Amino acid sequence: MAKTNAGNFFEDYKIGQVIRHAVPRTVSGGERALYHALYPARHALYSSDEFARAAGLPGAPMDDLITFHTVFGKTVPDVSLNAVANLGYAEGRFLKPVYEGDTLRSESEVIGLKQNSNGKSGVVYVRTRGLNQRDEAVLEYVRWVMVRKRDQDAPAPEAVLPDLAKVVPASDLVIPEGLTFRNYDFDLAGEAHRWGDYEVGEQIDHVDGVTIEEAEHMIATRLWQNTAKVHFDATFRPDGQRLIYGGHVISMARALSFNGLANAQMIVGLNGGAHANPCFSGDTVKAWSEVLDKAETSAPGVGAIRLRLVATKGGAPFALKGEDGKYLPEVLLDLDYWALIPV
Amino acid sequence: MAKTNAGNFFEDYKIGQVIRHAVPRTVSGGERALYHALYPARHALYSSDEFARAAGLPGAPMDDLITFHTVFGKTVPDVSLNAVANLGYAEGRFLKPVYEGDTLRSESEVIGLKQNSNGKSGVVYVRTRGLNQRDEAVLEYVRWVMVRKRDQDAPAPEAVLPDLAKVVPASDLVIPEGLTFRNYDFDLAGEAHRWGDYEVGEQIDHVDGVTIEEAEHMIATRLWQNTAKVHFDATFRPDGQRLIYGGHVISMARALSFNGLANAQMIVGLNGGAHANPCFSGDTVKAWSEVLDKAETSAPGVGAIRLRLVATKGGAPFALKGEDGKYLPEVLLDLDYWALIPV
Amino acid sequence: MAKTNAGNFFEDYKIGQVIRHAVPRTVSGGERALYHALYPARHALYSSDEFARAAGLPGAPMDDLITFHTVFGKTVPDVSLNAVANLGYAEGRFLKPVYEGDTLRSESEVIGLKQNSNGKSGVVYVRTRGLNQRDEAVLEYVRWVMVRKRDQDAPAPEAVLPDLAKVVPASDLVIPEGLTFRNYDFDLAGEAHRWGDYEVGEQIDHVDGVTIEEAEHMIATRLWQNTAKVHFDATFRPDGQRLIYGGHVISMARALSFNGLANAQMIVGLNGGAHANPCFSGDTVKAWSEVLDKAETSAPGVGAIRLRLVATKGGAPFALKGEDGKYLPEVLLDLDYWALIPV
């Protein structure tokens, strides 16, 4: 048993500790094709080299969420193998597009620790950075998870709670070098709606739904080398169900949001996110969005739009929380992100 | 709701209207690998760069049906989102092979309209062209679908019925530039049968069968960015079944036809096709073929063979229609195409 | 029926006969991405071009088992279409890494024949070689299968039993040209354990499990163009079950063995293997390993480790055979291989 990775427990983390996560990954057209096969992804910038070139990029980058899942997946064996719950995200920024042939790895720094009052677990905050083969950061975000203690008698560390921004300021968003939406072809993109057509407070029902199969979420989650047992092993939970990786729901909802937000091309910021309820095979995922904010950027023809993306498994669109302030049982995901859209 | 695409209804189409379909797509080795994973495809010309080079091509093209599905998928949001039925195909020609790195988009021209006598729907005929990044046509075909009206009181347009060829004449087939079967390696191709070994009227039972899973047809259909709800959302039909994309059955049957038609390498013409009955997960698809015609071509060592490809879900091979002239309930597909085969 | 391949029967094989198997295959990043999507594969040498370059290779090769499955799959229509059972493997050696763009084909020589005493079937031994586009051997192995006779009255051939090595001697293993583990990054590889940390006789429970779905094993098996009906057609067996390709279990178990053997990077020898019991959809596959031997190599920093890899569907780790000397019913695979590991 000594050879296998039992994962870290709460008392293993120290403030300031930097973890170099294992298994770098080179991405190719294979990952891109699989992304399009696993999610109804249609944003033109990621689908067409030609469309991306017209937007000033050298070719179509990997979907931003390929980057997110790849970077995230590497952290699982070190951060969340003994996690009881994934509690939140903050201060996420996509810093550089990832292209075919790039090799990604991840590093995390422990920036917060707080033992729970029950003494059995604690909350660990890490700031994770994804790096390419030139050691350039492509993504960074903060995640916090509740992790079990190995030994309940281990002393509680001094509580450190990081001061996290509720929203990434628009001025901190990183626009990919050279990006322009001046020559944007709205026909090819699929919709005519531009930055000016969306109003803060506007809600969009994305209409389409996808019923999820075991094979699909496992194929997707493995693709990101995410190893959490609970996604793959039907004997792991007493109820015999495989819990679907929360990121699978993020990608499904983002892809479904094409219908109404086809021009919200690139994700550049991740302000926050909650996996409100578990998703299982057989659930039919639908999505709706709400415009939370808008901002200008310095790139030609490029605006920023802040969106709430909600994934549900049934229920009416636009319903989010009950009178008790808790997420409704059919809500799977409540994500807050910034995207770039032509003005 | 104004932001999402509700699709076109019958009264939205006008004769001569040209629709530039959205979401261009760059294809790579990823799409090719997925095609081989989703269908038992073994035609050597699409499997091996070396085999394709020996046949005078720069490398293995994408399977012709990758091109078909990609071009077709883009038309769905504009042409068949509100379709009641996909009625037929005609005058299909593959005009240029598609290679890794090519970017495909689609355009359709409305060439026929006829309102149904019930006033609730009508038939729309479109001629669709797939174009690569050099605006060269790679594929064209006519498809007609029955589309609902939004407003039953909308006036009927003047009926225009296109004059469609029952069969693409062999002389109109486009042979890829440089193609030769002079150095054809029958061992590597998998069978010894050449053009001269097939007789008009000959029937071939392809023997093998594949039982279809939900995850597979959804992965395939998404890969082509086909968004029709009925393929993905188990809550969409009253019976809770997801209707399998007809093109999935085409590819499955074509791949199964390798066993007996391994040398019918390239599809160059699509004369007609009917999706005779719906296919659902759990069905076991088998296929049989009938030689309908043969023709010579000007390319060295290359002959043309016209084939009927029938997909079934059970039943005896070679049974097609009942005494009433209707397709038997187990028949899924009746496709009429031209392929290139060594003489 | 004359056009389709009915496969070879026992009396069709002759000692010394060489079969050139059909359908060469060019592999790309697509095959690699699919491998990572279908199996929880994380060995860094196959995941990262950068890691592979640091190890002296031009880039990340295809996983050795991609090579194995691709070469093996081509033999199925000629060798095992009428096989009753896959009996064993021996003298397997990986001779050259396979990279993106390589085209693989297979050849087999019949090296042994022995009719069974029942007169209904016999055992066929073939030595199969995988060749790349330069006709360089990339893999060779011996496999023997029990094959039905077409005609029970066909005379028995003279029995020839090849003299097969029980184990590939370490001195016969082929180390890829230029391979070095001198600059090996154990953090990125995922574990700290090196050659010297493993003891002969040591057993490792790989802990993780994967519940298998129909869609996944069919996608994988098709990817290797393996056409055996029993894997795909639910109407083929009386019990309606699709038998899972034994190679799927090999890849699943090898990938699971990362957890405890993350540094056993490359498979270079295949000493033997038994598919002890059939695997079906719904089974949860787990794996354990035993260190059988260790050897030094001439490559810098590179040691060899001989491992038994056992896949199970439940039961306690390290249980293999019952008192009767037969495999326990939960054992799926017992594989004996050599891998390269940093010293």
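Only the coordinates and a few stated rules stand behind these numbers; no lab work does. These numbers come from a predicted model, not from an experiment. Cβ coordinates were reconstructed from backbone atoms using ideal geometry, including for glycine residues, and neighbour counts include every protein chain displayed.
What to note about this one:
- Anisotropy class of the range B:86-176 from Cα gyration tensor, a/c 1.5 cut: prolate
- Dipole magnitude of the range C:210-293 about its Cα centre (Cβ charges: Lys, Arg +1; Asp, Glu -1), debye to nearest 20: 160 debye
- Relative to the longest principal axis of the Cα atoms of chain A, the long axis of helix A:64-75 makes an angle of roughly 10 degrees.
- Separation between Cα centres of the range B:69-143 and the range C:181-255, rounded to whole Å: 42 Å
- Over chain C, relative contact order from alpha-carbon pairs under 8 Å, at least 6 apart, %: 20 percent
- Simple rule: put +1 on each Lys or Arg Cβ and -1 on each Asp or Glu Cβ in the protein assembly as shown, find the dipole, and look at A:H275, C:Y13, B:A44; the Cα lying farthest toward the positive end is A:H275.
- Of all lysines in the structure, those lying under 27 Å Cα to Cα from A:K229, and not within fewer than 8 positions of it along the same chain, are A:K3, A:K14, A:K74, A:K114, A:K120, A:K149, A:K286, A:K313, C:K286, C:K313.
- Residue among B:G29, B:Y125, B:P97 farthest towards the positive dipole end of the range B:1-133, charges placed on Cβ: B:Y125
- Formal net charge of residues neighbouring A:A90 (Cβ-Cβ distance under 12 Å; K, R +1; D, E -1): 0
- Dividing the C-alpha radius of gyration of chain A by 2.2 N^0.38 Å, with N its residue count, gives 0.97.
- The alpha carbon gyration tensor of the range C:1-101 gives principal lengths a ≥ b ≥ c with a/c of 1.5 or higher and a/b greater than b/c, which makes the shape prolate.
- Loop trypsin sites (Lys or Arg not before Pro), the range A:150-252 (other Cβ atoms within 10 Å of the site Cβ: 12 or fewer; DSSP): A:K166
- Across peptide B:70-78, the mean count of Cβ atoms from other chains lying within 10 Å of each residue's own Cβ comes to 1.
- Amide N of the range B:319-343 lying under 19 Å from the label point, which is placed 7 angstrom from the Cα of B:Q203 along Cα→Cβ: B:319-337
- Projected label distance in nm at B:E330 and A:K166, using a 7 Å step from Cα toward the beta-carbon: 6.6 nm
- Set of aspartates and glutamates near B:K326 by C-alpha distance (under 14 Å), chain-local residues within fewer than 8 positions excluded: B:D334
- Prolate/oblate/rounded call for the range C:171-329, Cα gyration tensor, a/c under 1.5 rounded: prolate
- Lys, Arg +1 and Asp, Glu -1 on Cβ, resulting dipole of chain C about Cα centre, debye, nearest 20: 960 debye
- Size of electric dipole in the protein assembly as shown: Cβ of Lys, Arg +1 and of Asp, Glu -1, about Cα centre, debye, nearest 20: 300 debye
- Positive contributions from Lys and Arg (+1) and negative ones from Asp and Glu (-1), summed over other residues with Cβ under 12 Å from the Cβ of B:A339, come out at +1.
- Under 5 Å between amide hydrogens, built in the peptide plane, is the criterion, and for A:E100 it picks out A:M62 among residues at least 5 positions away or on other chains.
- Cβ-Cβ FRET estimate between C:D12 and A:A2, R0 fixed at 56 Å, reported to 0.05: 0.60
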